[in-house]
Every structure is written in structure tokens, then in C-alpha cells.
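The structure appears right after this line, and notes come after that.
Please treat every number below as a calculation from the coordinates, not as lab data. It should be emphasised that the depicted structure is a prediction, and the values quoted were computed from it without experimental measurement. Note that each Cβ is placed from the backbone with ideal geometry, even for glycine, and that neighbours are counted across all protein chains shown.
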Amino acid sequence: MSEGAVADGALPEGQRRAERLTCQRERFSLPPEAHYLNCAYAGPLMQRVEHAALAALQRLRTPYVLHADDFFRDAEHVRALFAALVHAPDPASVAIVPSVSYGISIAARNTPLAPGRNVVVAEGQFPSNVYPWRRACSDVGATLRTVPRPAARDGRVAAAWSERLIDAIDRHTAAVALGTIDWTDGTLFDLEAIGARAREVGAAFVLDGIQSVGALPIDVAALRPDALVCASYKWLLGPMGVGVAYFSERFACGVPLEETWLGRQGSEAFHRLTEYREAYQDGARRLDAGGRAQFVLLPMLIAALMQLNEWGPDRIQRYCADLAQPFLGELADAGFETSPPGETAAHLFALRAAGTVDVAELQRALERQHVHVSLRGPVLRVSPNVYNTPDDLAALVEVLRRHGRGRARPLRPAAGQTPEVERAAS
Ligand SMILES: Cc1ncc(COP(=O)(O)O)c(C=O)c1O
């Protein structure tokens, strides 16, 4: 545990919020040589999360120590911690889901669609927030309306793309389904304006939060999405196989994907389970995935969410911004462009080669130097977090300096080309 971190916990809430975060690498187990700048691929486990997993596993040696309460307690703790993280007023609005696709599928299943109605999505969105809508639309003859990413003007796309999204929403729109940021380069949508337009026409506002929640502040009470879905293994720093989804009243009382016994009222009384009930548990609990009493995954997620609530996403975002800022000039000198300030998040951004690069050679050089980023053609997605140090950025700059010169060439895939699924450089 770092000194800064120890001092952190001892500070009163207000003062702690004002303090900058120090590097938290000692809380993780990354090897010293690893320059891991790819949290958008998967977050590394914190030691406290590993300890939670081990303790939970050991508890399973003797299942007779598990009581009926244990099937509910961790899930309730996760709901409360996630609600606190995203400023959702009521933990009952949080469901436990295994994946983003599961949570989005709940929203799609509970969105009334019909011929003539449409669902608005952004071009190049991650498939988990596309396929459920494709299925829901094609089942009834509704339209999936994909809003193209505009060409960059002076490196800027965020405002123009947000405007296009707003323009695409009309009185026939049943849902607007987006990522909280663009997952390939961190472009920041104007979520407030898009959400307001969705509400104006009565459309559901559905967000895939996996690439920002945890590292970028989000206030559900202010933004008022109808769904905000996150798997835990990226910026929530939890394990794979479990996630969380906030649902507004529009969906919280909807039809679940599975009819689970834990989702029914009275399921706490194990001796009366066969007195079958119609009524569901309160709020979004009915939407929990079957088998959500995950005796290892939930304690891991609790440990991670506790830590994130202690740090605060605002301070994590500032840490990432402070980390990259001193290197932007050197990256430009090396022949790699970043977006102008305010265009992208600080925890996830892209570097675009201004000239030709030998992508295969760049990949090998990154591997040799243990620099882990996502490489999609000549575009690098860089996604730091609180365990990164200036050394990690310096190592990246060093590799790029040797590979970033040459003639300009197109940087983005041609329109209509299927987006490549992300691939780690590791
Ligand atoms: C934007 C985005 N959404 C969702 C996912 C994962 O989806 P799921 O939880 O359905 O596997 C990823 C994984 O890379 C992602 O980048």
C-alpha cells in the first residue's frame, strides 16, 4: 500500500476528494517491467480483490457455513456500492448481470417496438449494444438507425457526432442505445443533450458504461438514463463473469430474461420455496441473472467497488489526465496525433500515426518493451489507470519515437467496414 493511499483513507470525505490521487501501483501485482496501458481490454486485479477471492473460495470448502442470508447479502452490498458510485438514489435499481450483452438484452426485450419505430445507435458501437437491438428490431420489422461517425475537423468529432445523434432521434424512436464513450478512441458524447432529446420523444436512453464507469464520473440522478450496464472486468476492476446494471423505473419492473427463484418474493425462506409466488422481489432485483449468488465473484466485486468509491472516479480521471499531459508534446513529435482537449476521456484515448507505420513491426516493438496497448491498424488505443506511472508513458513514447515517421495515409477503416474486435498488444 502506498503512503498516499494510507493517508487517503484517514482523511475526512471532503478533504479526501480535494486531494489528488497518488500512484496506486502497489495495490496491484503487475510485474515491474510491465507497462500496462490497456485497462480498456481488462483491468488488472488488485491485491484486495485477490484476497477477497481466496477467502471466498476457502469458505466454499465447507458449504455448511453458508446460510440463506448469504444468498442475498453480497448482492445487496454490490447494489449499494454501485449505486453510490454512479449516484443512483436507490440500490434497488441495480441488477446483477453477467455481461453487458445480458443487461442490454433486458432493455431491448422491454422496449416496445413495431414496424415504423426505430432504435438509434452510433456507428462502430461494441456488438453487445448492437446485436440485442438488431434481434429486437428484426423480430418485429422495426429499424435500427446507425448514426455515422462524422469526419474529424481539426481532430474534433464529439460535438458533430452528438448533433447527428440528436438529429437522428424522432417521434418514432423507441430507444437510443450508446456507449458512455466511444470504445475505440474515448470520444465523449454529449450524453446530457442526447438523453434530453430521447426523453423529449419518450424514447428509452440505454447506455453501455463498461468503458468509463469507475474511471469517469457519471451521475445517474442527473443524467437520467433508463439503463446503464457494466461488466466488471475493465474500469470497475472486478472479475470477469459478473457485472451490474442500473435500471430506471421504465425497465426495473420489466420482464426478466430468466425466471429466477431468487427474483421472487419470499425466496429468503428456503423451506417455503415451493409455495410458488407471482410477485417479484422489489425493483430491479427481478432482473438479476439466474445463479447470481456468486460466492466468489461477488466478494471480489465488492472489494473492487469499495476501493473505487474510496478513490472516486473524479480523482481517477484527474490522475489519468495528469499522467498523460506531460507526454502529449513528445507523442506529437514522435508522429502520433492525439485528439484536442475535451474531445476524449483521459483514461481512454487514441494515438493516430501521422505517417505510414509498419504495424506488425510496431506490434513487435511494443511487445519487446512490455508496452501493452490495443493496436488497430495504425491507431493505438491507450487506456491508463491509477497503477500507471510516468515511466509507462515514457516507455510508450520511446517505442513510438522509433516507429512514427513517414508519409501520411488514411487512419480509419473505410465506411461500412466491420469494426475489428479489440485485440490486445500483449
Ligand atoms: C464497449 C464494450 N462493451 C461491452 C464489452 C463486453 O461485452 P460483454 O460484457 O457483453 O461481453 C466490451 C469489451 O471489450 C466493450 O469494449
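So the values come out like this:
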quantity	calculated
Neighbour-count ranking [beta-carbon atoms within 10 angstrom, fewest first] of 250, 224	224, 250
Considering only segment 70-311, percent of DSSP beta bridges that pair antiparallel, nearest 5	40 percent
Dipole magnitude (debye, nearest 20) for segment 70-311, charges at Cβ of Lys, Arg, Asp, Glu	460 debye
Dipole moment magnitude, nearest 20 debye, the chain about Cα centre, only Lys, Arg, Asp, Glu C-beta charged	820 debye
Charge-dipole axis of the chain as Lys and Arg at +1 and Asp and Glu at -1 on Cβ define it, positive-most pick from 209, 305, 319	209
Rounded, prolate or oblate (a/c below 1.5 giving rounded, otherwise prolate when a/b exceeds b/c) for the chain by Cα gyration tensor	oblate
Separation between Cα centres of segment 270-315 and segment 357-376, rounded to whole Å	39 Å
Gap separating the Cα centres of segment 131-164 and segment 99-120, nearest whole Å	15 Å
Gap separating the Cα centres of segment 195-248 and segment 31-80, nearest whole Å	22 Å
Cβ-based exposure ranking for 46, 240, in which fewest neighbours within 10 Å come first	240, 46
